[in-house]
1. Please order C:D10, B:D335, B:D173 by the number of other Cβ within 10 Å, starting at the fewest.
2. Find, among the GluC sites (Glu not before Pro) in region C:300-344, those assigned to loop by DSSP (not H, G, I, E, B) with at most 12 other beta-carbon atoms within 10 angstrom.
3. Across all directions of projection, what mean area in square nanometres is found for the Cα convex hull of region A:214-333?
4. Between B:A383 and C:E51, what's the calculated FRET efficiency when r is the beta-carbon distance and R0 is 22 Å? Round to 0.05.
5. Starting from the 7 Å offset along Cα-to-Cβ, what nm value, one decimal, do you get for the label separation of B:D394 and B:K242?
6. For B:T314, place a label point 7 Å out from Cα along the Cα→Cβ vector, do the same in each other copy, and report the separations in nm, one decimal, smallest first.
7. With a/c under 1.5 counting as rounded, go ahead and sort region B:1-97 into rounded, prolate or oblate using the C-alpha gyration tensor (a ≥ b ≥ c being the square roots of the eigenvalues; past the cut-off, prolate if a/b is larger than b/c, else oblate).
8. Of the DSSP beta bridges with both residues in the protein assembly as shown, give the percent that are antiparallel, rounding to the nearest 5.
Amino acid sequence: MDKTLQTYIDKLNALNFKEMYENDFFLTWEKTPEELEAVFTVADALRYMRENNISTKIFESGLGISLFRDNSTRTRFSFASACNLLGLEVQDLDEGKSQVAHGETVRETANMISFMADVIGIRDDMYIGKGNAYMHEVVDAVTEGHKDGILEQKPTLVNLQCDIDHPTQAMADALHLIHYFGGIENLKGKKVAMTWAYSPSYGKPLSVPQGIVGLMTRLGMDVTLAHPEGYEIMSDVEEVAKKNAAESGGSFIKTNSMAEAFKDADVVYPKSWAPFSAMEERTILYGNGDQEGIDRLEKELLAQNANHKDWECTEELMKTTKDGKALYMHCLPADITGVSCEEGEVEASVFDRYRTELYKEASYKPYIIAAMIFLAKEKDPQATLKALEERGIDRFFTK
Amino acid sequence: MDKTLQTYIDKLNALNFKEMYENDFFLTWEKTPEELEAVFTVADALRYMRENNISTKIFESGLGISLFRDNSTRTRFSFASACNLLGLEVQDLDEGKSQVAHGETVRETANMISFMADVIGIRDDMYIGKGNAYMHEVVDAVTEGHKDGILEQKPTLVNLQCDIDHPTQAMADALHLIHYFGGIENLKGKKVAMTWAYSPSYGKPLSVPQGIVGLMTRLGMDVTLAHPEGYEIMSDVEEVAKKNAAESGGSFIKTNSMAEAFKDADVVYPKSWAPFSAMEERTILYGNGDQEGIDRLEKELLAQNANHKDWECTEELMKTTKDGKALYMHCLPADITGVSCEEGEVEASVFDRYRTELYKEASYKPYIIAAMIFLAKEKDPQATLKALEERGIDRFFTK
Amino acid sequence: MDKTLQTYIDKLNALNFKEMYENDFFLTWEKTPEELEAVFTVADALRYMRENNISTKIFESGLGISLFRDNSTRTRFSFASACNLLGLEVQDLDEGKSQVAHGETVRETANMISFMADVIGIRDDMYIGKGNAYMHEVVDAVTEGHKDGILEQKPTLVNLQCDIDHPTQAMADALHLIHYFGGIENLKGKKVAMTWAYSPSYGKPLSVPQGIVGLMTRLGMDVTLAHPEGYEIMSDVEEVAKKNAAESGGSFIKTNSMAEAFKDADVVYPKSWAPFSAMEERTILYGNGDQEGIDRLEKELLAQNANHKDWECTEELMKTTKDGKALYMHCLPADITGVSCEEGEVEASVFDRYRTELYKEASYKPYIIAAMIFLAKEKDPQATLKALEERGIDRFFTK
């Protein structure tokens, strides 16, 4: 480690990210490129400090509320790690065991859980048109609650996955690429294949592919989105990706051929997802309480998936990538053929070769989340980073 | 904020609350008026300090155990906030996932969960004659455990709602009134209408109305308890209210007319509850494992409730209150007509108008709980408050 | 308390426990006698410091992950207490609510939960040949993850109960004996009766009796293992006990008579467990998903148990022990005749007489766990203990 904390501070000094202060993180494409780079830089700075046993606790007390509408090991632990790194205690709002589901308004609950909350992390990715909207409702409620003198602080929202984007995943993925290719400037012109892959399971969220095409196009990458016909993602996000590419000098191409996407790719990201139109239908069926319809839809989708078992990330396909050595990425857990299922997204030997890189990819997420919080809370992040170093409290006390 | 911490310390210096040290909080009427005022004052002082970014962590480590026999978002988060504010980590004893339900004695469990516990918060409000008694059993067990050298400290009990009282709710409500009317002395002679209201749900605990009449009568208020015939509260608590009123110069009146209660009221608290006699019957049926009896009772009670749909807090009724502007209170969540149910406790427009006040009311609870703990743990609270200010650790670190 | 911290430091200075640094705790018999004594000594030192209000927080942030495959109040709270004492926040990996059960590899999960984890505590005692093996898999995974730069630290594993041993229980029990008999040297030659006892429940794990015979034989005690025919423990552990006894100057005897075991015993530990061969069979049935077989086995075992209702720790049997005053031990909860069941492991009057001692026995567990972590993390524990005393941070802040 020949870097020093000053390196990161210098980098931040060259960026404009004033608008992040007292703000929230919903979608990556609502942030400027300099704001995104500020997140990457603070994430690296926090990791540097943790690795050098320098405390980064900016909260001496305070809560980080997690509200998950879907089970999650990875995101839950990443959020808990990020909160702990900054000094917040995690308090889970489990809708199963709370009264939220019983007719309470979002506004009320949002205030009731926020009395000491500096952060609220929400994962709500199951229903189209709902998750992101719900997050905005929560933010509106606590903003008003703070103005009205109910809350001593306005908690910052971190989108831990919604129906549109999965910003903490996409940003962690991007930070992995930045380190892998030796700098954010080196991503320009690199080809990323975000491709659908076969999975025997049903209804995987669209937020990962959407997040990837929405973010990588901003970093000047050549993004190819590949999927079988009928597996379209949200068209709004495709528009975002096109616009991003035009602005960043990258590109955004769609294809129905996995082979075309893999051809000469520097990075491949093969992953299953449900068709957007099916997810929309499911949302309506769910709204109507039509369980029979949901069961029928599930059967149809599984049958539809089974037509595309050839969408697998094989060694053969990997050979066609740039020098046969594209970086394989996944948000995990992957459906590994012959390991976690009979036929899946990726051949076991491919997955095995990239295991260490995959785990490193995941290891950036706690720091990305912590950086989002840090930038929302600190008016002058550079000064605080410097002050934390000067404060010199050990993360681990030893003699 | 033109107050200073010294204002609160001066106020405490004028009060006698020595007996709170190393003691527990079961029922408000077991405390002297000066002790209650000490809780309000410390709650305000802690809020002042948090608002001014002064750390109030008196525990550098230690656990706050929460034991909930009923689901709760609000109380759970309030307890977690209070513990966090003072430096305790919350550890939930979920009887679902623990072995407590499987024949263990209270004494054993109480000791087993208390090795590092400075506080135990219990909510046990479902069965008449059980909740408060259970809390005493727990306190007796840990007091003995501490004497026997098993526990390094005797954890303080905070009653987070029992079958008799809901002291953290009633105290938070009172602190709201103190701020709303500009001082505890201004509560004298104000009329409070604690009235039953219709709800389509069944078996709501009695501890809120009991807590309100038990506490507000001590503050010199004119308390009217209104409910349909057959919805009596615990007669012991009515006796307490009468005695309190006699001593404080307030009054305690019972009526079967909601209109009479609302007439010229300064404060209205319309809320559903189950009849005490029915709750007693349910406790016996439950004890006998008589599920059929419980189901029958539920049906009977819902039918009985439905006879009183006119017990609703309407705009019309609100107009009859003092200047048409009584403060509307509720412990939340409320059954709002046309919002959370077809017909409920309160008209939507009334609820909406008081929303901010309702959330403020709730916001006092974490500070009330923290104050109860602070007063039980600190031998000289004034000196410690002063020392915390002088210590000058920031709650949130920023440059 | 006439001891000082220096007493404990001096004791540690005389012991060799270098190998504990950056190591894990699986089985007591994998540690040297001096290493075990270091654990006892650090546990006592940490308790001394807590009793004298000296902070022992060596972690300013960081997570302690708990992974329980079986419900547990005691062990869960002991682990939480130990983590809190050292400054770690507990994060539960509940396989029910996580994705772990859904085909993820151990390697992946182990890394995903360990980004900020300094400790992982695992309880996995249900299936023969599985629990301890699983713990090793986890340790191998995080060791590799640390080497590969994925994890900033290698979390320390604490075995909170496996199929073979229950080291935190056995060590806490031993520390209780050390204090009860006034020193580790006084355990030599004392007779311990680890005996089976009747319980109306089924399938209690073998790790407690195995842990006791595996540890007490190392401390020079005369260990008698008594059980009805057919209730054999793991033969490997019997071999360990024999070897230990030969080395320590103690003894290890087996008998099918409870009376023989109790005769002149200084310590009795009567407790139910399932026969090893039945546990093995259950593991196979479970692996095959043979629910019918499991149900049949359970019935058979309960019937088999019922043949041995005379295996109860009675007052009569207690009279036959050394001076009629053997120390009664149990890991709790006990099946108490006439209290928690009709016929059980122990007569109520015996249990009652030893209640305080039983709770004290349990009170050592948090300190044993904390000591295991401390010794794994601190390169020079003596220097750090001294530095913590000099740092002089109060555990509880008061004036």
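Coordinate-derived values only; no laboratory data. Just so it is clear, the model here is predicted, and its values are computed rather than measured. Backbone-built Cβ (ideal geometry, glycine too); neighbour counts: all protein chains shown.
1. C:D10, B:D335, B:D173
2. Within region C:300-344, the qualifying GluC sites (Glu not before Pro) (loop, at most 12 other Cβ atoms within 10 Å) are C:E342.
3. Quarter of the Cα hull surface area: 8.3 nm².
4. 0.45
5. 5.9
6. Ordered by distance, the counterparts are at 7.5, 7.5 nm.
7. Oblate, because a/c is 1.5 or more while a/b does not exceed b/c.
8. So the antiparallel bridges in the protein assembly as shown amount to around 5 percent.
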